[in-house]
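A quick write-up on the structure given underneath.
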Amino acid sequence: MWIHRAARHTATILITVLLGGLLGATLLRFAPGFGVDEQELDTRLSGATIQALRDSHAAERNVLVFYARYLSGLLRGDLGVSRSLQRPISELLSQRIPVTLRLVAFGLLAGWLLGLALALPGAISGKPAHDILPGFLSGALLSLPSALVAVLFVLIGGPGPLAIALVIAPKVYRYSRNLLAQTSAMPHVLAARAKGLSRLRILLWHVLPIAAPQIIALAGVSVSIAFGASIPIEVICDFPGIGQLAWQAALARDMPLLVNLTVLVTVVTLVANSASDLAVSPSSGRQ
């Protein structure tokens with residue numbers, strides 16, 4: 001059964017990635033200003049040079065032909081060359097991915113620690129008063145876009161990676177606090193409380209084991225949230241990662257680079273969600 005589920009998830013990932021890459025190329029092709037190169041504004045260029053610049057975009061005008069060539073190169077391990085940066089895309093990704101991975105890993109770790117630190121006191125005590133301040137803080141952070149959080153960190157000179165933590169933490173707090181509250185109201189937990197067991201023991205032995213599968217699922221979703229938040233944060237805080245590269249590619253309308261980045265983001269999102277689903281399903285089936 002697990003093998004069948006894994007195979008189904010793999011097939012879904014492959015189909016979605018293929019369609020996502022094609023959709024990304026199509027949206028870029030019909031975006032305003034596609035095929036226009038800023039170099040054409042240079043008055044020193046001759047007519048022949050300008051025409052050569054326009055001809056360099058000719059291979060990208062037919063989206064289906066471009067995407068077919070891209071997939072053919074991808075099967076050979078060739079990701080193409082960035083038109084705006086004039087460098088192999090595989091080289092750019094190998095330099096930028098480690099930066100984004102470190103940023104996202106730190107943000108996830110700090111965000112989860114902060115979110116759980118806010119949620120657990122209220123879950124252990126069971127007193128609504130313990131949720132007032134955490135609830136206010138999480139509500140305030142949820143109302144701030146990740147780009148605005150990054151701007152605030154730039155203004156105060158704070159560490160950029162912590163900006164991702166502040167994007168993740170309120171979501172972790174809200175979901176885990178509600179989940180722990182619902183689990184604490186289950187009959188077996190009420191029975192354990194009636195027997196006089198301590199709140200900490202009830203949390204560790206009767207609440208967390210039941211809530212663990214849903215928390216694992218949230219962990220998978222939070223990976224894609226952190227990865228998405230890293231794009232504006234890297235741009236504003238000047239981190240040379242995938243997010244900054246995507247921004248540069250979008251400004252330059254660099255189709256080969258944008259298609260690769262679209263595929264990469266799609267793969268990360270789907271793999272994280274599928275991994276959490278596969279991890280949760282066996283646990284759910286045993287209960």
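Simple spin-label estimate for R87 and H188 gives 5.5 nm between the two label positions (7 Å along the Cα-to-Cβ direction from each Cα). Please determine, in degrees from 0 to 90 and to the nearest 10, the orientation of helix 255-286 with respect to the longest principal axis defined by the Cα atoms of the chain, where the helix direction is its Cα long axis. The angle comes out at about 20 degrees. For the range 196-213, the Karplus equation 6.51 cos²θ - 1.76 cosθ + 1.60, evaluated at θ = phi - 60°, returns couplings of x, 5, 5, 5, 5, 5, 4, 4, 6, 9, 10, 9, 4, x, 6, 7, 4, x Hz by residue, with Gly and Pro reported as x. Suppose R0 equals 25 Å. What FRET efficiency, 1/(1 + (r/R0)^6) with r the Cβ-Cβ distance, do L18 and N62 give to the nearest 0.05? Efficiency, from the Cβ-Cβ distance: 0.90. For the pair Q248 and L278, a Förster radius of 35 Å applied to the C-beta separation gives a FRET efficiency near 0.50, rounded to the nearest 0.05. In the chain, Cα pairs under 8 Å separated by at least six residues give a relative contact order of 27 percent. Along the range 225-239 the Karplus relation, 6.51 cos²θ - 1.76 cosθ + 1.60 evaluated at θ = phi - 60°, assigns HN-Hα couplings of 5, 5, 5, x, 5, 5, 5, x, 5, 5, 5, 6, 8, 6, 9 Hz to successive residues, with x for each Gly and Pro.
In the range 159-226, Cα pairs under 8 Å separated by at least six residues give a relative contact order of 43 percent. Taking amide H as placed 1.01 Å from N in the peptide plane, V81 has its amide H under 5 Å from the amide H of I89, each at least 5 places away in sequence or on another chain.
L118 sits among other residues whose Cβ lies under 12 Å from its own Cβ, and their net charge, with Lys and Arg +1 and Asp and Glu -1, is +2. Relative to the current alpha-carbon distance between I97 and L137, full extension at 0.36 nm per residue lengthens the span by 11.2 nm. Compared with the dominant Cα axis of the chain, that is its longest principal axis, helix 242-252 is turned about 40°.
Since every read-out is calculated from the coordinates, none of them should be taken as a lab result. Note that the structure is predicted; figures quoted are calculated from it, not measured. Here the Cβ is made from the backbone with ideal geometry for all residues, glycine too, and neighbour counts use every protein chain on show.
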